[in-house]
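**Q** Just passing along the structure, written as structure tokens.
Nothing in this text is a laboratory measurement; each read-out follows from the coordinates by a stated rule. Keep in mind the model is a prediction, meaning the values are calculated, not measured. In this analysis, Cβ positions are derived from the backbone assuming ideal geometry, glycine residues included, and neighbour counts consider all displayed protein chains.
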Amino acid sequence: MFMQCPNCNGKDIGKIGSQQFYCWNCFIEMSVTGDELTVHQVEADGSLSSLNDLFTEDERKLKW
Ligand SMILES: [Zn+2]
């Protein structure tokens, strides 16, 4: 499976759940829904804020 971070284009992606991934380069969390990525930033207090607005639908499409 090929996975690339939509934010930094890095490939240093760790798997943290069955459908959840983490970018060790820019510290964002991605979860897979269907063939789309949902991108979150983990805040200092542990809550998640959505970064989906920063990306186009195309950028969040899975490319594998
Ligand atoms: Zn990244």
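**Q** Within segment 1-15, take every residue that is more than 11 Å from the ligand (Cβ to nearest atom) and assigned to a loop (DSSP other than H, G, I, E, B) and give me the one that is farthest from Lys61 (Cα to Cα).
**A** Checked segment 1-15; the qualifying residue farthest from Lys61 (Cα to Cα) is Met1.
**Q** Right, something else. Just one of (1) touching a Lys or Arg at 6+ places or on another chain (Cβ under 7 Å); (2) within 15 Å of the ligand (Cβ to nearest atom) trips up Asp35, so point out which.
**A** All conditions are met except number (2).
**Q** Among the residues of segment 16-25, write down those that are within 19 Å of Lys61 (Cβ to Cβ) and exposed (fewer than 14 other Cβ atoms within 10 Å of the Cβ).
**A** Of the residues in segment 16-25, the ones within 19 Å of Lys61 (Cβ to Cβ) are 19-21, 23.
Matches in segment 16-25: Gln19 only.
**Q** As an exercise: evaluate Met30 against (1) assigned to a loop (DSSP other than H, G, I, E, B); (2) within 15 Å of the ligand (Cβ to nearest atom) and give the number of the one condition it does not meet.
**A** All conditions are met except number (1).
**Q** How many residues are in a loop (DSSP other than H, G, I, E, B), hydrophobic (A, V, I, L, M, F, W, C) and touching a residue at least 12 places away in the same chain (Cβ under 8 Å) if we restrict to segment 41-64? Walk me through it before giving the result.
**A** From segment 41-64, those in a loop (DSSP other than H, G, I, E, B) are 43-47, 51, 55-60, 62-64; that's our starting set.
Subset that is hydrophobic (A, V, I, L, M, F, W, C): 44, 51, 55, 62, 64.
Imposing the further condition that a residue be touching a residue at least 12 places away in the same chain (Cβ under 8 Å) reduces the set to 51, 55, 62, 64.
Adding up the residues that qualify gives 4.
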